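The values are calculated or read from the model by the stated rules, or taken from the named source; none is laboratory data. Because the structure is a prediction, the values reported are computed rather than measured. FYI the Cβ positions are ideal-geometry reconstructions off the backbone, even for glycines, and counts take in every protein chain you see. Protein only, heavy atoms only, side chains kept; ligands, DNA and RNA dropped before computing areas. Shrake-Rupley method; radii C 1.70, N 1.55, O 1.52, S 1.80 Å.
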Amino acid sequence: MQKSARLKRSLGLWPIVMLGVGYMTPMVVFDTFGIASNEANGHVPLAYIVALAAMLFTAFSYGKMVRAFPSAGSAYTYTQKTISPHLGFLVGWSALTDYLLLPMVNALLTQIYMSALFPEVPAWVWVVGFVAMITIVNALGANTTANFNTMLVIYQIVCVVIFVILAIRELQGGMGYGKVFPLEPFYTPDIQMSAIIVGATVLCFSFLGFDAVTTYSEETPDPIKTIPRAIFLTALIGGVIFTVGSYFTQAVFPDISQFKQPDATSPEIALYVGGKIFQWFFLAAALAGTIASGLASHASVSRLLYVMGRDNILPKKLFGYIHPRTHTPLFNVIFTGLISMTAVFFTLEIASSFISFGALIAFTFVNLSVISHYALKNKEYKTISSLVTNVIVPVIGAAFVAVLWYNLESNSFTMGLIWLGLGVIYLLYVTRMFKVQPTDIHFEEASESAYIEEDETSPVTRQA
């Protein structure tokens, strides 16, 4: 008999990749097109390529840390194990603003979409319905969540492919640049690299989510091999979708002057390219994107809370609990759902202002953790290859993140600092004014006990 329920190692590479892509929301490329085109002076696809290159440095750092610590705790665990337990808690606490509030943001987006279609229905109904759905799906198990998410991601990809086909038809008919594969979205004689960098800085936030796949490290049979691949593939696939989608959008719409709402171009893009019927299909894909992102972010935060509970830095009986049948952190799933329900009292602007701060904290300290663990502690910097991978790459990754910090909205920075201050107060309480270390576990114990072995004779496995 099993002594206690544990996470189950049942997710393969591609389900995890789809969860990461779902978190990133492929359809966001059309929502942000107007803003990005204005910033990049009509060179959005080039800006996406620059943004992807920048994010891959940090993605590489995540892959390095997963090989050292294949735990569901992600940046929290990496910082805790390599730099400081106290600092690790604060990184995890800050990351909660990204993971915990993204389901709320998706609930608010769903409310906006559905209220536009059915204005007579009270807005709170859509929030409650959305949150209830993603909470139930996540409670049923990781495989159920992954399978449902995969269908939603595939639908979005199909929509992008159909958009590309329709865009080619319009280009052949003389719309936009009037040729199928124009060079102008990538290069024009008056191109300004400063504008491309500014545009790339804005678009980097579209890649937030590739890091979330690390929270499934304890639910895949071979995390040291699978998760680094999943991180790279998630960022790359997202980058390809964003680049291709923005390329044909830019080709059809060289400038944004014809858009009535340049800050929310998605509905008009679909209408001008495919007509009213395609617009409905297109907006349904946008809705699918919010659901997929909600599912993935809900699952990710429940795993992060679980590791923090397992470490007893959060109340272990609640946050460190795994349901014996579904092998999910059930109380965390429900807790996240309850937090998401509070979206009925917030606006999209307020909820969104928290998210970027937590993600940038995580990105920063993952890059620093590589240097601390490999270069400083293990002295792996004496060859050219080790110097590049353990020092130069994470330094470049941190430098790109520093640019994002510089361009972070003031509201996001202020709200993030307030949340971080609350974390410091809580940390002072649990550590008795830093007189004791946060309750910690040995990684070797966590890696062996955190997931259920695939034993066909186990009664718990048979029930699942």
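Descriptive notes on the structure:
Let's see how each residue does on (1) free of Cβ contacts under 8 Å to residues at least 12 places away in the same chain; (2) closer than 30 Å to P189 by Cα:
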{"position": "G42", "(1), (2)": "no, yes"}
{"position": "Y62", "(1), (2)": "no, no"}
{"position": "G73", "(1), (2)": "no, no"}
{"position": "K81", "(1), (2)": "no, no"}
{"position": "T97", "(1), (2)": "no, no"}
{"position": "A116", "(1), (2)": "yes, no"}
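- Taking every residue in region 199-216 that is closer than 22 Å to L11 by Cα and pairing it with any residue that is basic (K, R) and open to solvent by 10 Å² or more (accessible area, probe 1.4 Å), at least 6 positions away or on another chain, yields no pair with a Cβ-Cβ distance below 8 Å.
- Verdict on S115 being outside any helix (DSSP H, G or I) and hydroxyl-bearing (S, T, Y): no
- Pick from region 171-212, criterion open to solvent by 20 Å² or more (accessible area, probe 1.4 Å) and acidic (D, E), ranking: nearest to I256 (Cα to Cα): E184
- Scope region 183-207; condition of a type in the set (A, V, I, L, M) and closer than 17 Å to L404 by Cα; matching residues: M193, A195, I196, I197, V198, A200, V202, L203
- Tally, over region 38-58, of residues that are open to solvent by 10 Å² or more (accessible area, probe 1.4 Å) and part of a helix (DSSP H, G or I): 9
- Selection within region 65-97: residues that are out of contact with any Lys or Arg (no Cβ under 6 Å at 6 or more places or on another chain) and assigned to a loop (DSSP other than H, G, I, E, B). The member of this set that is most open to solvent (accessible area, probe 1.4 Å) is I83.
- Any chance N106 is at positive phi and touching a residue at least 40 places away in the same chain (Cβ under 8 Å): no
- Test: residue in region 262-284 that is under 21 Å from N106 (Cα atoms), among the β-branched types (V, I, T) and crowded, with 22+ Cβ neighbours inside 10 Å: yes
- The combined condition, being over 18 Å from V28 (Cα atoms), of a type outside the set (A, V, I, L, M) and open to solvent by 70 Å² or more (accessible area, probe 1.4 Å), is fulfilled by N147.
- Looking across region 25-37, the residues that are outside any loop (DSSP other than H, G, I, E, B), open to solvent by 10 Å² or more (accessible area, probe 1.4 Å) and either without any contact (Cβ under 8 Å) to a residue 12 or more places away in the chain or under 27 Å from T150 (Cβ atoms) (or both) come down to V28, D31.
- Residue check for L140: of a type outside the set (V, I, T), open to solvent by less than 30 Å² (accessible area, probe 1.4 Å) and more than 30 Å from T389 (Cβ to Cβ): no
- Look at region 136-149: where a residue is within 17 Å of P103 (Cα to Cα) and a partner is among the hydrophobic types (A, V, I, L, M, F, W, C) and outside any helix (DSSP H, G or I), sitting 6+ places away or on another chain with Cβ atoms under 7 Å, you get A142/L11; A146/L11.
- Any chance H323 is more than 22 Å from V66 (Cα to Cα) and not small (G, A, S): yes
- Odd one out for A446, checked against (1) modelled with pLDDT under 65; (2) in a loop (DSSP other than H, G, I, E, B); (3) under 28 Å from the mean Cα position of the chain (by Cα): (2)
- Qualifying positions in region 229-260 - in contact (Cβ under 8 Å) with a residue 12 or more places away in the chain and farther than 30 Å from A212 by Cβ: A251, V252, F253, P254, D255, I256, Q258, F259
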